[in-house]
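Please read the structure below before turning to the comments.
The values are calculated or read from the model by the stated rules, or taken from the named source; none is laboratory data. Source: prediction; values computed, not measured. Don't worry about glycine lacking a Cβ; one is built from the backbone with ideal geometry, like all the others, and counts go over all protein chains shown. All accessible areas refer to the heavy atoms of the entire protein, side chains included, with ligands and DNA or RNA removed. Shrake-Rupley method; radii C 1.70, N 1.55, O 1.52, S 1.80 Å.
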Amino acid sequence: MNKEAESLAREQRGRVLAALSLEDIAAGAATTVVREIPAYHGHDAVRVRAELLAVLAPVLAFLREERDATADEQAQFAAFGALRAEQGIGLEPLLEAFRLTTRRAFDALYEQIRRADAPQVGLDLARDFWAGCDRLSAAVVQGHRERELEKAQAAQEHRTLLLRQLLTGDLPTEYLATAATALGLDLRAEYHVCHARPGKGRTIAAVERALRPHTAALLAEPGTDRVIGLTTRPLPPRVTLPSGLGSARPLARLRESLNEAERSDELAVAFDLHRCVRSGELPLHLAVLALPAVGEQLVERCFGHTSGERRTTLVHTVDAYLAADANADQAAAALFVHPNTLRYRMRALTAATGLDPARTEDALTLWWAVRHLQATGNSD
């Protein structure tokens, strides 16, 4: 195209665009948007018109100047998307309104193109219009999504703060109803606190995934390396995760349940129990943890005559024998040894220590010694 033709095309393009009335386009689009899109019902049409006009102006500018949208213009469209997110308008109705507005603008543009009787200029304008709208709609979507993400993060942070204050007992009583609503809890109900920590190949994310389906509210704290949940009932047996469960308490007394859950979780981890331990469920295990000096004395009493691999084998044998309620055949099967081998080991233990597992007191002594070794990580 020679310079004369280019000048003529530019002149025709300018006349077409100058004939557009952005005020009319924005006013008509605003009326239709408010009337036809449910998310905009109740919005002020005059205000919507002003916002649409601010969006259409850059479109006309880059068409007139035959250029792409500038960074500032794209930021303006992103801000438009963010504003709609702030107003509670979802992305789908926002895009519907954007499509409706751009369609109305294109119809007005097409009418001026038709009147100008300049086919090539019309094709170029149509191409530039839709290409520009695609780029700007992407900016609108980005702005909307970023603001929605910010809102979601802020809401999550607020819920996390409320739940943490509930659990620590720092939430004033007058805010209990607000917290219950924000967390989706029943103000009149009582909740168990469930407490679990990662460990032995379990990440905090894995613990969170295991507990989330069974809790009404969940607090994952990477900084403290623990996950705390609220539930109205004990965890089902299929949740094979060492954890602790406190007694049911009203929202104002969750701290009490948390204390119990932390202690029960300590028991589950110490004794490698792949389940949820309820508060008060294992008083003897609790005594083992609370009385380490007694445990050391009993270990010496029961296994002081052995060391190294021999001790490890004997500890496992006693543990299996007691778990099988003194049934040698069952204990041997659990250890993958012959029953006579197991009986020999138990007779040797009695000969060396004078302890007879058939006597209740001696069985408890052996059990306590094994549990102490397990809790201190010395059973293997």
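Restricting attention to the range 318-372, which residues are under 17 Å from V288 (Cβ atoms), small (G, A, S) and in contact with a Pro (Cβ under 9 Å, 6 or more places away or on another chain)?
Scanning the range 318-372 gives a single hit, A363.
Taking the range 300-330 as the search range and keeping residues that are free of Cβ contacts under 8 Å to residues at least 12 places away in the same chain and of a type in the set (K, R), which one is least open to solvent (accessible area, probe 1.4 Å)?
My answer is R311.
Checking the condition touching a helix residue (DSSP H, G or I) at 6+ places or on another chain (Cβ under 7 Å) and within 25 Å of K200 (Cβ to Cβ), which residue from L267, L254, L298 passes?
Answer to the selection: L267.
Scan the range 359-371 and tell me whether some residue there is closer than 21 Å to L267 by Cβ, open to solvent by 40 Å² or more (accessible area, probe 1.4 Å), under 43 Å from the mean Cα position of the chain (by Cα) and at pLDDT below 95.
Within the range 359-371, not a single residue is closer than 21 Å to L267 by Cβ, open to solvent by 40 Å² or more (accessible area, probe 1.4 Å), under 43 Å from the mean Cα position of the chain (by Cα) and at pLDDT below 95.
Just to be sure, is G122 buried (at least 21 other Cβ atoms within 10 Å of the Cβ) and either assigned to a helix (DSSP H, G or I) or modelled with pLDDT under 90 (or both)?
Against the criterion (buried (at least 21 other Cβ atoms within 10 Å of the Cβ) and either assigned to a helix (DSSP H, G or I) or modelled with pLDDT under 90 (or both)), G122 does not qualify.
Restricting to the range 205-219, and then to whatever is aliphatic (A, V, I, L, M), buried (at least 18 other Cβ atoms within 10 Å of the Cβ) and within 19 Å of L161 (Cβ to Cβ), can you tell me which residue is modelled with the lowest pLDDT?
Ranking the qualifying residues of the range 205-219, first place goes to L219.
Tell me, yes or no, whether the range 234-248 has at least one residue that is under 26 Å from T173 (Cα atoms) and either in a helix (DSSP H, G or I) or touching a Lys or Arg at 6+ places or on another chain (Cβ under 6 Å) (or both).
Checked the range 234-248: at least one residue is under 26 Å from T173 (Cα atoms) and either in a helix (DSSP H, G or I) or touching a Lys or Arg at 6+ places or on another chain (Cβ under 6 Å) (or both).
From the list F62, F106, exactly one residue is open to solvent by less than 70 Å² (accessible area, probe 1.4 Å), under 21 Å from Q12 (Cα atoms), touching a Cys at 6+ places or on another chain (Cβ under 9 Å) and not aliphatic (A, V, I, L, M). Which is it?
Criteria check complete, one pass: F106.
Give me the residue from the range 195-204 that is open to solvent by less than 30 Å² (accessible area, probe 1.4 Å) and touching a strand residue (DSSP E or B) at 6+ places or on another chain (Cβ under 6 Å) and, out of that set, nearest to L258 (Cα to Cα).
Only one residue tops the list, namely H195.
Could you tell me whether E256 is surrounded by fewer than 18 Cβ atoms within 10 Å (Cβ to Cβ), at pLDDT 90 or above and in a helix (DSSP H, G or I)?
Against the criterion (surrounded by fewer than 18 Cβ atoms within 10 Å (Cβ to Cβ), at pLDDT 90 or above and in a helix (DSSP H, G or I)), E256 qualifies.
So which pairs qualify, if the first residue must be in the range 107-129 and in contact (Cβ under 8 Å) with a residue 24 or more places away in the chain, the second must be among the aliphatic types (A, V, I, L, M) and open to solvent by 40 Å² or more (accessible area, probe 1.4 Å), the Cβ gap must be under 6 Å, and the two must be at least 6 apart or on different chains?
Every condition considered, the pairs that remain are Q112/A19.
Could you run through the range 144-175 and say how many residues are buried (at least 18 other Cβ atoms within 10 Å of the Cβ), over 21 Å from the mean Cα position of the chain (by Cα) and more than 30 Å from R84 (Cβ to Cβ)?
Here the count works out to 1.
Looking for something surrounded by fewer than 17 Cβ atoms within 10 Å (Cβ to Cβ), closer than 30 Å to R238 by Cβ and free of Cβ contacts under 8 Å to residues at least 12 places away in the same chain - is there at least one such residue anywhere in the range 331-340?
yes
Any residue in the range 201-214 that is assigned to a loop (DSSP other than H, G, I, E, B), out of contact with any Ser or Thr (no Cβ under 9 Å at 6 or more places or on another chain) and not aliphatic (A, V, I, L, M)?
Among the residues of the range 201-214, at least one is assigned to a loop (DSSP other than H, G, I, E, B), out of contact with any Ser or Thr (no Cβ under 9 Å at 6 or more places or on another chain) and not aliphatic (A, V, I, L, M), which makes the answer yes.
Can you tell me which residues in the range 131-157 are of a type outside the set (D, E) and under 12 Å from F77 (Cβ atoms)?
G132, C133, R135, L136, S137, A138, A139, V140, V141, Q142, G143, H144, listed by residue number.
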